[in-house]
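What follows is calculated from the coordinates using simple rules that are stated; it is not laboratory data. Treat the numbers as computed from the prediction; the structure is a model and nothing was measured. Please note: Cβ atoms are built from the backbone with ideal geometry, for glycine as well, and neighbour counts cover all protein chains shown.
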Amino acid sequence: MNELMLERNPELFEIISKWRCVTTVDLKKLVAENESYSAFRQRVVRLEKGGLLKSILYKGFNKIVYPSTDLVQKLGLNSFNADNVRHDAVVSSICSELLNHKIVKEVELPHEYKTKSTWRFKSIEPDAIVTLEKNGNVNYMAVEVELWRKDKKRIFEKFTDYAKAKEYSYVFYFFQSQSAFNSYKKRLEEYLADSDLLHLHLDLEQKIVLVFNATISKRLSNLSESEIFYKKQFKKFKDLLGDRSDS
């Protein structure tokens, strides 16, 4: 029965192979936008009962589906950790939304970019790498999803690592918490005012983008209108990435 389910849902399992953990709402958008929600929900339930998908529901968050142990083995999925389901589903929600912006050409997740033959960014492992293209120019953007506040030392180390990493033109930090967003903003301003870090000031200012959207760990909405802090100024997310392609 599992083999038959795999054959009948190739596009769905292709998305699961790519995103690993994804909300049912995002999965439907990516796989079956024109299918009714009730029909799609029943399809997912059948795949759960068939032992190919597992799911979890967090309060205020859409149902998250992810591959079962059986599916991980059948599809040969490497580096899958079920302990990171919620965090990885948030990454998927943000990155699938980023793909709606005209300048975003590709999103790569760790299991895609971190291979023995291609992994070059050894000092940093972002949650995703996004390829941006505008006016023929290609740049790479790192994505960091911060659901929990980190201590000052870890923030400093990550900021300085990104400042030194020439592979990235930008790093976007996404926050669900206003207090965490404010804390990182405060740290960034401190580092930009520290004369001992003068050699890093230009890269810190030009690369680090802080994004606050309280819905990222619930039902993501209005990403384009998210508040951001960049180059010592408050802006809107769309001011940097532009409006969505379908807007």
Open item on the list: Just to check I understand the Karplus step: with θ = phi - 60° and J = 6.51 cos²θ - 1.76 cosθ + 1.60, what whole-Hz values come out for region 179-184, glycine and proline as x?
Closed with: 5, 5, 4, 5, 5, 5
Task: Whole-Hz couplings from phi, Karplus 6.51/-1.76/1.60, listed for region 204-218; x for Gly and Pro - done: 4, 5, 7, 9, 7, 10, 9, 10, 10, 8, 5, 8, 5, 9, 10
Task: Spin-label model distance (nm) - E189 vs K231, 7 Å beyond Cα toward Cβ - done: 1.9
- [ ] Would you kindly derive the ³J(HN,Hα) couplings of region 151-156 from the backbone phi angles with the Karplus curve 6.51 cos²θ - 1.76 cosθ + 1.60 (θ = phi - 60°), listing them in order in whole Hz, with x for Gly and Pro?
- [x] 6, 4, 4, 5, 4, 4
- [ ] Can you list which of the GluC sites (Glu not before Pro) found in region 1-109 are DSSP loop residues with at most 15 other C-beta atoms within 10 Å?
- [x] E33, E35
Task: Whichever lysines have a C-alpha closer than 16 Å to that of K134, once near sequence neighbours (fewer than 8 apart) are set aside - done: K102, K105, K238
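Counting only helical runs of four or more DSSP H residues, what would the 222 nm mean residue ellipticity of the chain come to if each run contributes -39,500 (n - 2.57) and the total is spread over all its residues?
The per-residue figure over the chain is -12000 deg cm²/dmol.
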Open item on the list: Between A82 and S221, what is the label-point separation in nm under the 7 Å Cα-to-beta-carbon projection?
Closed with: 3.2
Open item on the list: Could you tell me the calculated FRET efficiency between E48 and E112, based on Cβ-Cβ distance and R0 = 25 angstrom, to the nearest 0.05?
Closed with: 0.45
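Using r as the Cβ-Cβ distance of R8 and S179, and R0 as 51 Å, what FRET efficiency do you calculate, to the nearest 0.05?
0.65
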Task: Pair L202, L99: separation of 7 Å Cα→Cβ label points (nm) - done: 3.7
Open item on the list: Going Cα to Cα from K54, which lysines come in below 21 Å? Please leave out same-chain ones fewer than 8 positions away.
Closed with: K18, K28, K29, K63, K74, K218
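Which net charge results when you count Lys and Arg as +1 and Asp and Glu as -1 among the other residues whose beta-carbon is under 12 Å from that of H87?
Working: positive: R20, R86; negative: D83, D88, D127, E144, E146.
Its environment carries a net charge of -3.
If R0 is 35 Å, what FRET efficiency do you get for A39 and E125 from their C-beta distance, rounded to 0.05? Write down the numbers at each step before the final one.
On the way: r = 38 Å, r/R0 = 1.10.
E between A39 and E125, to the nearest 0.05, is 0.35.
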